[in-house]
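Before any comments, here is the structure.
Bear in mind these aren't lab numbers, they're just calculated from the coordinates by the rules spelled out. Since we're looking at a predicted model, the values are computed, not measured. Using ideal geometry, Cβ is built from the backbone for each residue, glycine included, and neighbour counts are taken over all protein chains shown.
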Amino acid sequence: MTDDGVGVLARHDGAVVGHAVLVPDRHGDFELAIFVLRAYQRAGIGTGLLGALLGAGREAGVERIWLTVERWNAPAIALYRKIGFEASDTDSFELEMAARLAD
């Protein structure tokens, strides 16, 4: 991982069908963002991208990562919870979630 973070791509038949990034914020934590084309969602691509980023974060000593997700996006929220993210208390239309990578 560089000082600017890390990014990963998912490809199918040579075309990029998803990507995810882990970038540092100004507080020393890292923000995660992930995108998978609709036609490729629910195929394990998001899980694979997240696994790659979380592994890179752990290797680099990242302690905490966070993300935002729209409250209506139940499949994404379920995925994030499955891998250890917890929601913060907020009344926004977006849900902020965070996970600790360090033991």
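Taking 8 Å as the Cα distance limit and 6 or more residues as the minimum spacing, I'd like the relative contact order of the range 6-100 as a percentage.
On the way: 137 pairs, mean separation 21.2, N = 95.
Relative contact order comes out at 22 percent.
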Could you work out which residue, out of L37, L22, L50, moves most in a Gaussian network model of the chain, that is, has the largest mean-square fluctuation with Cα springs under 10 Å?
L37
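In debye to the nearest 20, how big a dipole does the chain give about its Cα centre with +1 on each Lys and Arg Cβ and -1 on each Asp and Glu Cβ?
Working: 10 positive and 15 negative charges, 105 e Å.
For this selection, approximately 500 debye.
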For the chain, what does the helix formula give at 222 nm: sum of -39500 (n - 2.57) over DSSP H segments with n ≥ 4, over the residue count, nearest 500 deg cm²/dmol?
-7000 deg cm²/dmol
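Regarding the chain, what is the average projected area of its C-alpha convex hull, in nm²? Let's see the in-between values first.
On the way: hull surface 28.2 nm².
With every direction weighted equally, the projected area is 7.1 nm².
Normalising by the residue count of the range 1-60, find the relative contact order in percent from Cα pairs under 8 Å and 6+ residues apart. It would help to have the intermediate numbers written out before the result.
On the way: 82 pairs, mean separation 19.7, N = 60.
For the range 1-60, the relative contact order is 33 percent.
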